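Following: one structure in structure tokens, then a few remarks.
The values are calculated or read from the model by the stated rules, or taken from the named source; none is laboratory data. Not measured: the values here are computed from a predicted model. Here the Cβ positions follow ideal geometry from the backbone for every residue, glycine too, while neighbour counts run over all protein chains shown. Just so you know, the surface numbers come from the protein's heavy atoms only, side chains and all, with ligands and any DNA or RNA stripped out. Shrake-Rupley method; radii C 1.70, N 1.55, O 1.52, S 1.80 Å.
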Amino acid sequence: MHSSLQVYNSLTRQQEVFKPVNPPYVGMYVCGPTVYGLSHIGHARCYITFDVIQRYLKHLGYQVRYVRNITDVGHLERDGDEGEDKIAKQAQLEKLEPMEVVQRYMNSFHNDMALLNVQPPSIEPQASGHIPEQIQIIQQIIDQGLAYESNGSVYFNITAYEKKREYGKLSGRNIHDLLAGTRVLAGQSEKKFPLDFALWKKANKTHIMRWPSPWGEGFPGWHIECTALATKYLGPYFDIHGGGIDLLFPHHECEIAQSQAVQSTTLAKYWLHNNLVMIHDHKMSKSLGNFITLEELFQGIHPLLSQAYSPMVLRFFVLQAHYRSTLSFSNEALQASEKGYLKLINGLRVVKKMSYTPSNLGNPNPDAISQIEQYVASCYQAINDDFNTAKLIAELFQLLRFIYALEYKQIDFYKLGKTTFELLKKTYILFVEDILGLQEHCKAAPQEFLSVILKMYAQAKQQKNYEQIDLLRAELKKLNIMLHDTARGVDWSYI
RNA sequence: GGUCGCGUGGCCGAGUGGCUAGGCAAGGGUCUGCAAAACCCCCUACGGUGGUUCGAAUCCACUCGCGACCUCCA
């Protein structure tokens, strides 16, 4: 019925028709957070993006297994022997057990994701719970002759790997170019070659997080965790691997190398990367320190913010751009998104309670019907075009015009006919609520209370009791609800 | 230095050869007890220079500016 889904594959650098490896099943792996701090807007963009992708794949009828890991070990501050484990470092700062740090920020992450209406993944494995699996893969890489032990640590042997496979395909690099930009760091003496990366690191005496291994006590390298977890739960070759574009190199490149080494696959068929959130023309990131945490955003406690913004406003803001474009963050942009979100979501309320009620039996208007059908088709074309949610939202605003035209009796239902009306209603709800995952952000009052108030308002209106009306309006305004008169009587909206 | 990408109206942001998204803001109007919501009108842009073409924001060349990755980062 609709054009088929196409996705941009970073591995081939082109848009391809999406064909699952083993339909109707779809396996998707997304790199999750390292839980040593609060999540920020950049994290939100990534997980909202893949949430929508996951939702749409389900809508298409695929049985999706979505795996998103929690990195709680092995992620070092820097490369080389001097790097400190992020979790361990934070544990020292907060005077907590490492696993206490992990639990704290994992809880916070889950809370943020729930507020953003990001559906939980099917499986959310923690790296620390899968040490044996990681050791096993490392051993397999050694057995292939593609890794070596050095002073209790194990490194991936790029030189040996290059003789069998090509390193750098995903990021479009070659060893020569990479070497040109390599700084010779002190403490890399354990490596045979500068581009070799750690699979297992020996724990020094003070290192808290340590596990026994064939190479002594230590901990796994960062890249091996994703290869191990993805393979365990999705098999050696699955459909989609996602993450932020900043992970493309070296992280994802290394994942592919590890997978090629032991199972001769690129791990995933399609590699998808979301672009970054920019702030003042620079990437928002932990290392630059220019990030705004989700907590700060939702509470409005940051110098750059003039007010608090609801999670749904952020979700709308993110989805108004295509996921592969950079997105410039500013207070002004969020203000615009808040208005746009409210418009879209008030429309959702209106259309949900709307039913086909023609005033008479006139003839349908072919032009109106054709227009709606075209907008509906455009919605599918947009989402099928590499998840172009920006375009999709534009089309939804077009459908919204018809919804209000019906609501305000500028057009009668009979002009659309029941079939087209139902198509309009169904499509709008489907995309806004189910696929984009936007929902009403205000839970100001239960519907029952609101309807009582609306009755009081209508009564006062009849009696022209303007004092009473103004009072009701003023009180509800405090709850971000606006009462207003429509062609169909009294109604309310979020403001 | 290497690799890659971007520059769209006041802001955010779609758009890869003709049909010139969308949201917000600004201005005007309809409606209204006053409003709000909604609707209508208005504002019509593609860093610069040159080229290809009947025709370019869209292709090519040069140029200016910005960014990402090459170290941790969603």
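Before moving on, here are some points about what is shown:
- Space enclosed by the convex hull of the alpha-carbon atoms of chain A, per residue, Å³: 163
- Which of A:Asp51, A:Asp143 is most accessible, then next, and so on - probe 1.4 Å: A:Asp143, A:Asp51
- Counted over all Cα-Cα pairs of region A:2-61, pairs farther apart than 16 Å make up 57 percent.
- In Å², nearest 10: area of A:Leu38 left accessible to a 1.4 Å probe: 60
- For A:Tyr356, the accessible surface of its heavy atoms amounts to roughly 60 Å² (probe 1.4 Å, protein chains only, rounded to the nearest 10).
- Annotation for region A:1-35 versus region A:331-403: alpha-carbon center distance of 27 Å.
- Principal semi-axes of the equivalent ellipsoid, √(5λ) from the alpha carbon gyration tensor of region A:1-107, are 36, 16, 12 Å from largest down.
- Equivalent ellipsoid of region A:6-274: semi-axes from √(5λ) of the C-alpha gyration tensor, largest first, are 28, 24, 16 Å.
- The 1.4 Å probe gives accessible areas that order A:Asp412, A:Asp386, A:Asp281, A:Asp367, largest first, as A:Asp281, A:Asp367, A:Asp412, A:Asp386.
- As a size descriptor, the averaged projected area of the C-alpha convex hull of region A:250-359 was calculated at 11.7 nm².
- Size descriptor, Kirkwood hydrodynamic radius, that averages inverse alpha-carbon separations across region A:99-239, Å: 17.3
- Rounded to whole Hz, the Karplus (6.51, -1.76, 1.60) HN-Hα couplings of region A:16-21, x for glycine and proline: 10, 5, 7, 10, x, 5
- A Förster distance of 35 Å, applied to the separation of the beta-carbon atoms of A:Gln263 and A:Gln374, puts the FRET efficiency at 0.15.
- For region A:327-399, radius of gyration divided by Kirkwood radius, i.e. Rg to Rh on alpha-carbons: 1.08
- Per residue, region A:106-154 exposes 41 Å² of solvent-accessible protein surface, assessed with a 1.4 angstrom probe and all protein chains in place.
- Solvent-accessible surface (1.4 Å probe) assigned to A:Thr293 amounts to roughly 10 Å².
- Computed from Cα atoms, the angle from the helix A:98-115 axis to the main principal axis of chain A rounds to 30 degrees.
- Chain A: antiparallel DSSP beta bridges as a percent of all, rounded to 5: 55
- The percentage of C-alpha pairs in region A:282-435 whose separation is greater than 24 Å is 43%.
- Bins of 10 Å from zero: percent of alpha-carbon pairs in region A:355-437: 18, 51, 24, 6, 0
- Vicinal HN-Hα couplings computed from phi for region A:43-55 (Karplus, 6.51 cos²θ - 1.76 cosθ + 1.60; Hz; Gly/Pro x): 4, 4, 4, 4, 6, 5, 4, 6, 5, 5, 4, 4, 5
- Rounded to the nearest 5, the antiparallel percentage of DSSP beta bridges internal to region A:6-274 is 45%.
- Between the amide H of A:Trp200 and those of A:Val154, A:Gly221, distances stay under 5 Å, these residues lying 5 or more places away or on another chain, with hydrogens modeled in the peptide plane.
- Candidate lysines - alpha carbon under 25 Å from A:Lys192, same-chain residues fewer than 8 apart omitted: A:Lys163, A:Lys164, A:Lys169, A:Lys201, A:Lys202, A:Lys205
- Centre-to-centre separation between the Cα atoms of region A:61-130 and those of region A:299-322: 24 Å.
- Spin-label model distance (nm) - A:Lys352 vs A:Ser330, 7 Å beyond Cα toward Cβ: 3.4
- Sequence-ordered 3J(HN,Hα) estimates for region A:297-312 from the Karplus curve with 6.51, -1.76 and 1.60 and θ = phi - 60° stand at 5, 5, 9, x, 9, 8, x, 7, 9, 8, 6, 7, 10, 6, x, 5 Hz, glycine and proline given as x.
- Diffusion of region A:447-494 by Stokes-Einstein, at 4 °C in a medium of 1.567 mPa s and with Rh set to the Kirkwood radius over alpha-carbon pairs, works out to 121 µm²/s.
- Over region A:282-435, relative contact order from alpha-carbon pairs under 8 Å, at least 6 apart, %: 24
- Percent breakdown of C-alpha pair distances by 5 Å bin, ordered from the shortest bin, for region A:27-169: 2, 8, 14, 16, 16, 16, 13, 10, 5, 1, 0
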